[in-house]
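Down below is the structure, laid out as structure tokens.
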Amino acid sequence: MLLRLRDRSSPAPSEITPEALYRGRRQWLAQAGLLALGGAALASAPLRRSEAQAMRLAGVTPNPRHVLASDEKLNKVEDFRSYCNFYEFGMDKSDPPVHAKAMKVRPWTVTIEGEVNKPQTIDVDALHRMAPLEERVYRLRCVEAWSMVIPWVGFPLSELIRRVEPRGNAKYVEFVTLADPKVMPGLRYRSLEWPYVEGLRMDEAMHPLTLLVLGAYGETLAPQNGAPVRVMSPWKYGFKSGKSIVKIRFVESQPKTAWHKAAPGEYGFYSNVNPDVDHPRWSQKTERRIGEFSRRKTLLFNGYGEQVAHLYAGMDLRKFF
Amino acid sequence: MALLSVSAARLLNTPGFGWSVILLALLPLARLVAGVPLGWLGVNPLEYLIRATGEWTLILLALTLSVTPLRRLTGWSALHRLRRAFGRLTFVYGLVHFTVYLVFDMGLDWGEILRDIPKRPFITVGFTAFVLLACLAATSSDRAIRVLGATRWRRVHRAVYVIAVLGVIHYLWLVRADITKPVLYGAIFAFLFALRIAWAWKARVQVRRDAGVA
């Protein structure tokens, strides 16, 4: 597989020392929390940590190629944090901000397995050190025909993929997200099959636009937005970008993804944003941009056609929706 | 119980009662309409507005269909006056719901609207329900009863059951995964239908028995 090297306009890892400070502070908080709990009787009690609080990320460089378009505005951070789908925490948009607070996002590990030479379990703090963090403004288009503009923080997923050395027969990447019945009331409802599984074709996962997201708005992700680590492929409907990822598997055959399993006629594996291919029950021609009054026209590949259209050359996008 | 019944009947006959109920039923609409500019409807106000007006249409339809069973169960004949009021209010909410769709979803692009209605099943169903609802609202008057004749008028207004079924299907087909609410409204209507079917059945048996005796 041809690996594209990222340009080095972003800061070298050595330039982001403040980030280590931030992590140190995190550890200190954890230890302080433990001490505060004290007593053997309390030691087994669940650790209430302040991780739900978003923390400022240091050493984040805006990527000049992914800045705000002149005719668009960033969505308010409150919009982003209060209006989201995260069915594990409940099916109403107002559920995740309430229930996701209970999710512990540290310690957190992501297990890499399947067709790779270097299967491993990576601590999310190690992910923060893996590559320089950059800020990228992407449009987020939900399959429900609303959209936002979000400044994500992370690095290309390809950085991670390169390091784990996928084998030749790794054709797809599967993302498995957390399914913890203790903190996720939505798991009681069989609206989808749990855990939530999403996937990308290898070239989609390696595409420089696909981001491994660790934050947004310059801070760590809020739990309802998929803390501590999620992916984002901006030319696909939002549900393709799994939240709170615990496992990344490299597989040979196309993953059986959650929404596709729930309604195969409505949600395809590709689910590229496409105004010409309607959802069977509603139109995808236009979208409600959160914060705007009238609808906007939806753009093919959510406006990222120049970068991604070649991935689907010769494919019938109506058939492979 | 008898005392309660008497005072309830007296309340129902109070001159301002009908108007008070109508004003009360319009309060949610006032909140929704004012809520758009005032920012009460959350992050996606127009989505909220269209969902809420749709849901209130179903609620008022259920209230309309509750009047006759309630009257039968309580014997409060004055309730009858509320049936027409609730029916018309159902239309008012349906009209606002449909208008939000025309103006904010479709931007009054009539060509696009004419393509959209037959193309998307849930819109087709909702639109059909709205047209029927408009017909019933237009004939919701004493004058219409006189012109049509009571029997034919009653037959025409049985379309209300079709509207309820279409309304629930419309809701069921638009949700993505959470079918709790459409199923809830479906259950409410099913219950209201079941009462009527049971009473009609009983009446028929009664008629047959009477005929047998005679």
Just grab the label-to-label distance for residue B:7 and residue B:207, each label 7 Å out from Cα along the Cβ direction, in nm (one decimal). 4.1 nm
Label-point separation (nm) for residue A:109 and residue B:80, each offset 7 Å from Cα along Cα-to-Cβ? 7.6 nm
What is the average number of partner chain Cβ atoms found within 10 Å of a Cβ in A:277-283? 5
Which three lengths, in whole Å and largest first, does chain B cover when its Cα atoms are put on their principal axes? 64, 39, 38
Quick one: which of A:171/A:319; A:104/A:261; A:101/A:261; A:76/A:101; A:93/A:236; A:76/A:247 span more than 22 angstrom between C-alpha atoms? A:104/A:261; A:101/A:261; A:76/A:247
I need the shape label for the protein assembly as shown. Rule: rounded when a/c is under 1.5, else prolate if a/b > b/c, else oblate, with a, b, c from the alpha carbon gyration tensor. prolate
Work out the FRET efficiency for residue B:27 and residue B:181 from their Cβ-Cβ distance, taking R0 = 25 Å, and round it to the nearest 0.05. 0.75
Accessible-area composition of region A:185-279, carbon plus sulfur, in percent [1.4 Å probe]: 50 percent
Bins of 10 Å, starting at 0 and running to the largest distance - Cα pair percent for region B:164-214: 24, 31, 19, 15, 9, 2
Rounded to the nearest 100 Å², what is the sum over both chains of accessible area buried where B meets A, with a probe of 1.4 Å? 1900 Å²
Using r as the Cβ-Cβ distance of residue B:152 and residue A:309, and R0 as 41 Å, what FRET efficiency do you calculate, to the nearest 0.05? 0.10
Expressed per residue, the solvent accessible area of the protein assembly as shown in Å² (1.4 Å probe) is about 50 Å²
Residue B:196 paired with residue B:115, simple spin-label distance in nm, labels 7 Å along Cα-to-beta-carbon: 3.9 nm
Which number comes out as Rg/Rh for region A:165-282 once both Rg and the Kirkwood Rh are worked out on C-alpha atoms? 0.96
Sequence ranges A:244-250, B:147-153, B:45-51, ranked by mean other-Cβ count within 10 angstrom, highest first: A:244-250, B:45-51, B:147-153
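Could you work out the relative contact order of chain B? I mean the mean sequence separation of Cα pairs under 8 Å and 6+ apart, divided by the number of residues, in percent.
The value is 18 percent.
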Which residues, if any, in region B:122-139 have at least 10 Å² less accessible area in the whole protein complex than in the isolated chain, probe 1.4 Å? B:122
Heavy atoms only, probe 1.4 Å: what % of the accessible area of region B:21-135 goes to carbon and sulfur, would you let me know? 72 percent
Compute the length gained on full extension between residue A:129 and residue A:319: take 0.36 nm times their separation in residues and subtract their Cα-Cα distance, giving the result in nm to one decimal. 64.3 nm
Quickly estimate the mean residue ellipticity at 222 nm for the protein assembly as shown, helices only: each DSSP H run with n ≥ 4 gives -39500 (n - 2.57), and the total goes over all residues, rounded to 500. -14500 deg cm²/dmol
With R₀ set to 41 angstrom, the calculated FRET efficiency between the beta-carbons of residue A:92 and residue B:135, to the nearest 0.05, is 0.75
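The values are calculated or read from the model by the stated rules, or taken from the named source; none is laboratory data. Here the structure is a predicted model, which means the values were calculated and not measured. Cβ coordinates were reconstructed from backbone atoms using ideal geometry, including for glycine residues, and neighbour counts include every protein chain displayed. Side chains are part of the model used for accessible areas, which takes the heavy atoms of the whole protein and leaves out ligands, DNA and RNA. Shrake-Rupley method; radii C 1.70, N 1.55, O 1.52, S 1.80 Å.
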